[in-house]
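K.L.:
Sharing a structure below in structure tokens format, with a few things to ask.
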Amino acid sequence: MILIIFERLNPLVLVLVICPLLAVFFGTAAVWLRKKWFWGAIPAFLLPLLFIASDFETLQANWAAWILYGLMYVLLASTAYKLTAENKASR
């Protein structure tokens, strides 16, 4: 979906740079806003839809990639949540 807006954007920049940074942001924001880890994990799991869901056929063909990348981003968000929560608790 985001590749429709930015046609000249390399997809690897989105997959390997922008989405992991957003996942880390969601994990740290969960510490500061809700104090529940899943509030950062849910949007991180949905991040791959930004580059997979250009249309229904593409989403249907790439649902396994969505699960794989979504779980990777959940892992990043959960790690960021844990590190931020430990750092905040030690203050």
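We did not get these values from a lab; they are worked out from the coordinates using the rules stated. Since the model is a prediction, treat every value here as computed from it, not as a measurement. Here the Cβ positions follow ideal geometry from the backbone for every residue, glycine too, while neighbour counts run over all protein chains shown.
K.L.:
Residue-wise, which Karplus ³J(HN,Hα) couplings in Hz belong to the stretch 37-47, taking 6.51 cos²θ - 1.76 cosθ + 1.60, θ = phi - 60°, and x for glycine or proline?
P.N.:
With coefficients 6.51, -1.76 and 1.60, one gets 5, 6, 5, x, 6, 5, x, 5, 5, 8, 4 Hz.
K.L.:
A follow-up question, please. Which value, in debye to the nearest 20, gives the size of the charge dipole of the chain about its Cα centre, when Lys and Arg are +1 and Asp and Glu are -1 at the Cβ? Numbers along the way, then the final one.
P.N.:
Working: 7 positive and 4 negative charges, 130 e Å.
Dipole size: approximately 620 debye.
K.L.:
Quick one: Karplus J couplings for the stretch 69-81, per residue in order, coefficients 6.51, -1.76, 1.60, θ = phi - 60°, nearest Hz, x for Gly and Pro?
P.N.:
Values per residue, Gly and Pro as x: 5, x, 5, 5, 5, 5, 4, 5, 5, 5, 5, 5, 4 Hz.
K.L.:
Excluding same-chain residues fewer than 8 positions from LYS35, which aspartates and glutamates have a Cα within less than 15 Å of its Cα?
P.N.:
Cross-link targets: GLU86.
K.L.:
Turning to a different aspect of this structure: If you line up the long axis of helix 19-33 against the longest principal axis of the chain, both from Cα atoms, how many degrees apart are they, to the nearest 10?
P.N.:
Helix 19-33 sits roughly 30 degrees off the main axis of the chain.
K.L.:
Now for a different question. For SER54, enumerate residues with amide H under 5 Å from its amide H, sequence gap 5+ or separate chain, H modeled in the peptide plane.
P.N.:
The list, which skips near neighbours in sequence, is LEU59.
K.L.:
Only helical DSSP H runs with n ≥ 4 go in: add -39500 (n - 2.57) per run for the chain, normalise by residue count and round the 222 nm mean residue ellipticity to 500 deg cm²/dmol.
P.N.:
Per the formula, -21500 deg cm²/dmol.
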